[in-house]
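Okay, so here's the structure we're looking at.
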Amino acid sequence: MRTSTLPFLFLTATLCAQMPPPCRLSPLDTYLGFACNSPQAEAIRRNNNEHERWRVQKERRIYQVRSEIADETNRSPLDPTALGLRYAEVEAICREIDEREAQLVQANRNALAEPQKLKLAALEEAMRLVPIANAAVQGKLIEAGPGRFVFTEGVIRNPFPGSPSVGVLLAVPTRTGACAGTPSIIIPVITQAPNTTSP
């Protein structure tokens, strides 16, 4: 009896090993109508992965140059040319990253079919409504649901001595008072700093 079950167990193990891994679609894949192993989704992932590898190399150079800036800043007397060249290199790399990311977005869009581009346009329109929806939640006109956050713009005035004011996004829990549970937090995404000076 024991011997007769061995071929069956071996066959079962072999079939399981040959089965492809389960398909996991992200919410975005489902929204855009991507199937498992969709060529479009694979092309977008490949573009993003290649860009991320390139970006990591560029960011490593930025960290290296900023370390050099710190060294040059500690020198006495200062070498304005050495400092200026390094600051210019950092800015040039950042502009290159911005340009490449804009190209990446366009390349990923080109991988989509027309119906998917229409769905993407609907997402962009929804993003424009986020500030209005947040204002409606704060104005008690609609409910966001417990445990969620609304986002509002804030300003940190002179976070460091001599520094300009910085614009940030604040996550404010929709529950308040004793039910809040989670305090307001600062989202680590810095927006464009407003032209605000400290009094």
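Only the coordinates and a few stated rules stand behind these numbers; no lab work does. Owing to the predicted nature of the structure, the values given are computational and were not obtained by experimental measurement.
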Original post:
residue 93 to residue 52: extension gain in nm, 0.36 nm per residue of separation minus the Cα-Cα distance?
Top reply: 13.3 nm
**OP:** Quick one: compute a quarter of the convex hull surface over the Cα atoms of region 23-155 and quote it in nm².
**Re:** 12.8
